[in-house]
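A short write-up of the structure that comes next.
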Amino acid sequence: MTTPELIETARQLVGAGKGLLAMDESNPTCNKRFAAHGIAQTEEARRTWREIIVTTPGLAGSISGAILYDETIRQQTKDGTSFVKILTEVGIVPGIKVDTGAKDLAGRPGEKITEGLDGLRDRLKEYAGMGARFAKWRAVITPGDGMPSRGCIEANAQALARYAALCQEAGLVPIVEPEVLMAGGHTLERSHEVTEETLHSVFNHLFIQGVILEGVILKPNMVLPGLSSPKQESVDEVAAATVELLLRTVPAAVAGIAFLSGGQSAELASARLNAMNVLARSPASHLPWPLVFSFARAIQQPALEIWQGKQDHVAAAQDALRHRAHSNHAALQGKYSEAMERT
Ligand code: 13P
């Protein structure tokens with residue numbers, strides 16, 4: 001893929017008024033979510049769940065791209081059609097998670113470094129050959145007592161930049177995901193501070209590695225109070241804090257911003273995304289990039305709870321999945337409302 005093609009793919013993913021569906025849970029993460037609902041933790045159950053997702057009728061009306069996992073990109077529907085083919089045929093661009101997970105950072109108890117750079121050039125080539133057109137790498141930044149350390153932020157930002165450069169070399173659009181976790185009792189101000197420091201570092205390293213920003217999608221957390229913080233700001237306050245921070249830290253050249261949901265409820269994630277897009281549409285606002293979604297839990301979770309691994313629940317689970325995708329699609333136009341949850 002040439003640079004103009006790379007930039008065109010990035011635009012296709014974030015510039016068409018749609019968002020991304022993350023269905024790239026690693027096997028352990030997927031199994032953990034299955035276990036919470038009494039679903040068998042087997043390869044066949046994971047395949048079945050992913051088949052339910054990719055065959056949901058009407059998904060492409062709201063979803064521009066789907067992020068797969070190494071196991072999933074090799075899987076097929078029961079009748080033998082590859083998931084990549086199904087997605088491509090309905091106009092959903094297939095992508096792939098390429099990091100190999102967040103591991104303990106040496107000498108920094110409680111902090112993580114994402115691994116996966118070794119052999120990445122060859123893996124990217126293989127995934128591109130299988131039809132993937134973009135990739136994802138998630139770094140984890142943990143606010144806490146004396147955390148995050150500068151060492152953690154810099155190491156993760158550098159890994160993200162090296163990954164992004166390799167992706168662009170292979171013709172894949174990198175989704176750069178530095179996630180400041182929302183678990184914990186920290187305040188919104190602390191989330192703001194940590195996210196600001198993290199994003200500055202990430203864009204500094206992307207510059208050092210010569211990454212073409214027009215061919216990058218940023219996947220950040222929203223600026224949120226910790227889940228157990230006693231003070232929970234309003235939807236509008238979260239939206240204002242997040243937009244303000246992004247304007248201060250993200251270069252205008254970046255193709256777009258696709259938020260992760262990070263453990264928020266599905267409804268809150270939609271409401272906050274909506275409020276940001278309402279802000280973006282106000283005459284005084286001049287946001288240089290589209291603000292879309294790249295949710296996993298905030299799209300899948302309600303459907304998973306309905307499915308429970310049961311064949312006769314599949315249609316209802318697909319309805320729930322389509323409803324969340326559709327709600328988030330409405331949020332991109334600033335047209336989401338709580339009333340949508342009652343229909
Ligand atoms: P959540 O939306 O569940 O945070 O997942 C997004 C994601 O892709 C995590 O890497």
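Remarks
- Set side by side, the residues 273, 206 differ, and just one is more than 18 Å from the chain's Cα centre (by Cα) and closer than 30 Å to residue 4 by Cβ, which is 206.
- Close pairs (9 angstrom Cβ cut-off, 6 or more residues apart or separate chains): touching a residue at least 12 places away in the same chain (Cβ under 8 Å) and on the phi > 0 side of the Ramachandran plot in segment 208-231, in a loop (DSSP other than H, G, I, E, B) and surrounded by 22 or more Cβ atoms within 10 Å (Cβ to Cβ) anywhere: none
- Any hit, segment 302-321, residues being within 16 Å of the ligand (Cβ to nearest atom) and within 21 Å of residue 181 (Cβ to Cβ): no
- Annotation: of all residues in segment 210-229 being among the polar types (S, T, N, Q) and surrounded by 16 or more Cβ atoms within 10 Å (Cβ to Cβ), the one that is nearest to residue 176 (Cα to Cα) is 221.
- Only listed residue being over 18 Å from the mean Cα position of the chain (by Cα) and either at pLDDT below 95 or closer than 24 Å to residue 184 by Cα (or both), chosen from 117, 124, 105: 105
- Contacts under 8 angstrom Cβ, first residue in segment 252-275 being closer than 12 Å to residue 218 by Cβ, partner modelled with pLDDT under 95, 6 or more apart: 255/15; 256/15
- Residue match in segment 226-249 (condition: within 15 Å of the chain's Cα centre (by Cα), at pLDDT 95 or above and closer than 24 Å to residue 296 by Cα): no
- Complete set of residues in segment 201-213 that are touching a Lys or Arg at 6+ places or on another chain (Cβ under 9 Å) and closer than 26 Å to residue 296 by Cβ: 201, 205
- On the stretch given as segment 12-32, residues that are in contact (Cβ under 8 Å) with a residue 40 or more places away in the chain, surrounded by fewer than 18 Cβ atoms within 10 Å (Cβ to Cβ) and either basic (Lys, Arg) or at positive phi (or both) total 1.
- Checklist (1) touching a residue at least 40 places away in the same chain (Cβ under 8 Å); (2) more than 14 Å from the ligand (Cβ to nearest atom); (3) among the hydroxyl-bearing types (Ser, Thr, Tyr) applied to residue 294, failing item: (2)
- Where helices (runs of 4 or more DSSP H) fall wholly inside segment 81-178, the ranges with 3 or more residues that are within 15 Å of the ligand (Cβ to nearest atom) are 150-169.
- Helices (runs of 4 or more DSSP H) wholly inside segment 1-79 that include at least 3 residues being away from the ligand (no atom under 16 Å from the Cβ): 3-14, 43-54
- Scanning segment 199-245 for residues that are among the small types (Gly, Ala, Ser) and under 14 Å from residue 269 (Cα atoms) yields a total of 2.
The values are calculated or read from the model by the stated rules, or taken from the named source; none is laboratory data. Keep in mind that what you see is a predicted model, and the values were worked out from it rather than measured. For neighbour counting, all protein chains shown are included, and Cβ atoms are generated from backbone atoms with ideal geometry for every residue, glycine included.
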